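Student: Below are the structure tokens for one structure; questions will follow.
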Amino acid sequence: MSGRPDYFDKYETLAFERSDDGVLVVRYHSNGGPVLYSGTHHAEWAPAFTDIGMDRGNRVVVFTGTGDVFIDRHGEWGKPIATPSNFDVPSWGEKMMFRRQFEIEAPVINACNGPALIHGELMVLGDINLASTTASYADEGHFTAGEVPGDGVHILWQELLGTNRGKYFLLTGQKIDAWEALRLGVVNEVLEPQDLMPRALELAHQMATYSDLTLRYTRQCFVDRWKQLFNDQVGVGYGMALQALSHMDRGWMVWDKSNEGKEDYRQLQPLQARESVRK
């Protein structure tokens, strides 16, 4: 496959590499190293997924992180989130992020290289989900930080974990390690860190031996359920609106550090998952 698409060099937080058989590897990063999550990452995901989906040369897509973590902490958000107009930007981006990811008509393999504590959904929404033995999953950006978990995690984790387990996971900040994720059916294989990407690429290149239409149409069959779930009832758009109302009512959020020095933030007593639940 000749030529390097222009969008491969378009994004600050994503690196692209494609082999001759159409296997595209997309690596999340910050300045070439592990992700320190920011507004720039969030802003780039929907456009990047759009470019990936529009490029018919991408026959199988592998997503992974950089170094020994996927995303385990927030950096500076860097943009004001004080008015409905401010909040409309990340809200729209979140809706489009899921929509454009689901419109990628190529099988998707996720290779989770380490803790996925922020936006962990990005590492479990694939058609095949692999995890390093060092991986763990949690949602540390919402309820435990004072936020409404309405940006899609309320849909995803209840679907993958079951309704009661999913709500508990979101409310308590429960961490699920790679082996527990395998037991629960969240991931398909657990591998040593050095074996993670070789296995992801092995599977991807095996898939790439199939015809274009078999790959595209299989992906369409598999992703249709996610499309239905993410457009049902509260969904992502309304869920983000509820999140915005809650934020503006209290006047702070952890993401932009406006929580610092606020008494009503200091008084929060986050729920803690029982250790026994994690075994």
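Student: Can you name every residue in segment 237-264 that is in contact with a Lys or Arg (Cβ under 8 Å, 6 or more places away or on another chain), at pLDDT 85 or above and surrounded by 17 or more Cβ atoms within 10 Å (Cβ to Cβ)?
Tutor: If the condition is that a residue be in contact with a Lys or Arg (Cβ under 8 Å, 6 or more places away or on another chain), at pLDDT 85 or above and surrounded by 17 or more Cβ atoms within 10 Å (Cβ to Cβ), then Trp252 is the only one that fits.
Student: Right, another one. Residues Ser85, Ser91: which one is touching a Gly at 6+ places or on another chain (Cβ under 9 Å), more than 22 Å from His205 (Cβ to Cβ) and not hydrophobic (A, V, I, L, M, F, W, C)?
Tutor: Exactly one residue qualifies, and that residue is Ser91.
Student: Related question: Here is a check on your reading of the model: is Asp51 closer than 19 Å to Arg216 by Cα, surrounded by fewer than 18 Cβ atoms within 10 Å (Cβ to Cβ) and touching a helix residue (DSSP H, G or I) at 6+ places or on another chain (Cβ under 7 Å)?
Tutor: Details: closer than 19 Å to Arg216 by Cα: yes; surrounded by fewer than 18 Cβ atoms within 10 Å (Cβ to Cβ): no; touching a helix residue (DSSP H, G or I) at 6+ places or on another chain (Cβ under 7 Å): yes.
So Asp51 does not fit the description; no.
Residue by residue, here is whether (1) part of a loop (DSSP other than H, G, I, E, B); (2) surrounded by fewer than 24 Cβ atoms within 10 Å (Cβ to Cβ) holds:
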position	(1), (2)
Pro90	no, yes
Glu94	no, yes
Gln101	no, no
Glu105	yes, yes
Ala111	no, no
Gly114	yes, no
Thr134	yes, yes
Asp139	yes, no
Gly150	yes, no
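Residues checked against (1) under 14 Å from the mean Cα position of the chain (by Cα); (2) in a loop (DSSP other than H, G, I, E, B); (3) aromatic (Phe, Trp, Tyr):
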residue: His42; (1), (2), (3): yes, no, no
residue: Trp45; (1), (2), (3): yes, no, yes
residue: Ala48; (1), (2), (3): yes, no, no
residue: Gly53; (1), (2), (3): no, no, no
residue: Asn58; (1), (2), (3): no, yes, no
residue: Phe63; (1), (2), (3): yes, no, yes
residue: Arg73; (1), (2), (3): yes, no, no
residue: Gly78; (1), (2), (3): no, yes, no
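Student: Yes or no: Arg100 touching a strand residue (DSSP E or B) at 6+ places or on another chain (Cβ under 8 Å) and either basic (Lys, Arg) or without any contact (Cβ under 8 Å) to a residue 12 or more places away in the chain (or both)? Write out each step before concluding.
Tutor: Values: touching a strand residue (DSSP E or B) at 6+ places or on another chain (Cβ under 8 Å): no; either basic (Lys, Arg) or without any contact (Cβ under 8 Å) to a residue 12 or more places away in the chain (or both): yes.
No: the conditions fail for Arg100.
Student: Given the residues Leu203, Leu170, Leu196, which is the only one that is surrounded by 18 or more Cβ atoms within 10 Å (Cβ to Cβ), among the aliphatic types (A, V, I, L, M), within 22 Å of the chain's Cα centre (by Cα) and closer than 30 Å to Ala145 by Cα?
Tutor: Details: Leu203 fails: closer than 30 Å to Ala145 by Cα; Leu196 fails: closer than 30 Å to Ala145 by Cα.
Just one listed residue meets the conditions, Leu170.
The values are calculated or read from the model by the stated rules, or taken from the named source; none is laboratory data. Small disclaimer: the values here were computed from a predicted structure and weren't measured. Methodologically, a virtual Cβ is constructed for each residue, glycine included, from the backbone with ideal geometry; neighbour enumeration extends over all protein chains shown.
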